[in-house]
Amino acid sequence: MAKATTIKEAIKKWEEKHPGEDIAEATDVGFQFQWLPIEKMDNSLSALVKCEKLSLSTNMIEKIAGLSALKNLKILSLGRNYIKNVAGLGRGRRYVGGAVDIVQYNREVEGDRSAQESSRVTTRATEFRRPPFCGNPLVENMDPEAYKAEVAKRLPRLKKLDGEPIFRDEGD
């Protein structure tokens, strides 16, 4: 059986596609659509010294890791992966701009535990400002207005939800 692409191998492929460029100087790095897919994030990401936007979409990543060295990271794209929780983003950690905008964070959840898992994930993710939850069990199992109100309540810094602005009462 073939083994997955590592972050180190993805960096090497990126450097081959961008001759003469140093990945440490790149601000926008895409490791999406790797074949074979990336399964693990690791400390090899520390090579992305100036990275502001990192796309790891459409891989098979289950766990967020290796982001602690990415001091300039502003946008992290993890869509179409197998992320089980957002613990790897770090508790209370601040990024440039106050928080990383997590774009395309979407989780595949099996069975009836989906609503509980969504609740746990959104409770830990109070720094998110623009997460799309399309396809998330929280969306599928609730009335649309109740879903929007619940997500807005749990994510106080939320600016957009599924591409639509969040409007709050002045007391909120």
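The values are calculated or read from the model by the stated rules, or taken from the named source; none is laboratory data. Remember, it's a predicted structure, so these values are computed and weren't measured experimentally. With ideal geometry, Cβ positions are generated from the backbone for all residues, glycine too; neighbour counts draw on all protein chains shown. Please note that ligands, DNA and RNA were not included when accessible areas were found on the heavy atoms of the full protein model with its side chains. Shrake-Rupley method; radii C 1.70, N 1.55, O 1.52, S 1.80 Å.
The phi torsions of the stretch 19-25, fed into the Karplus equation with coefficients 6.51, -1.76 and 1.60 and a -60° offset, translate into couplings of x, x, 9, 9, 4, 5, 9 Hz, rounded to whole numbers, with Gly and Pro shown as x. A Cβ-based charge dipole, computed about the Cα centre of the stretch 1-84 with Lys and Arg at +1 and Asp and Glu at -1, lands at about 320 debye. Which loop chymotrypsin sites (Phe, Trp or Tyr not before Pro) in the stretch 29-60, with loop taken from DSSP, have no more than 16 other Cβ atoms within 10 angstrom of their Cβ? Hits after loop and neighbour filter: Phe33, Trp35.
Residues whose amide H falls under 5 Å from that of Ile83, counting only those 5 or more places apart or on a different chain, are Glu108, with hydrogens built in the peptide plane.
Put Asp22, Asp169, Asp162 in order of accessible area, highest first, and with a 1.4 Å probe you get Asp169, Asp22, Asp162.
Rolling a 1.4 Å probe across the protein heavy atoms gives the stretch 1-40 an accessible surface of 71 Å² per residue. Amide H contacts for Thr5 (H built 1.01 Å from N in the peptide plane; partners 5 or more residues away or on another chain; cut-off under 5 Å): Leu36, Ile38, Glu39. Evaluating 6.51 cos²θ - 1.76 cosθ + 1.60 at θ = phi - 60° for every residue in the stretch 46-51, the Karplus couplings come out as 4, 5, 8, 4, 9, 5 Hz, glycine and proline recorded as x.
Relative to the current alpha-carbon distance between Lys63 and Tyr82, full extension at 0.36 nm per residue lengthens the span by 6.1 nm.
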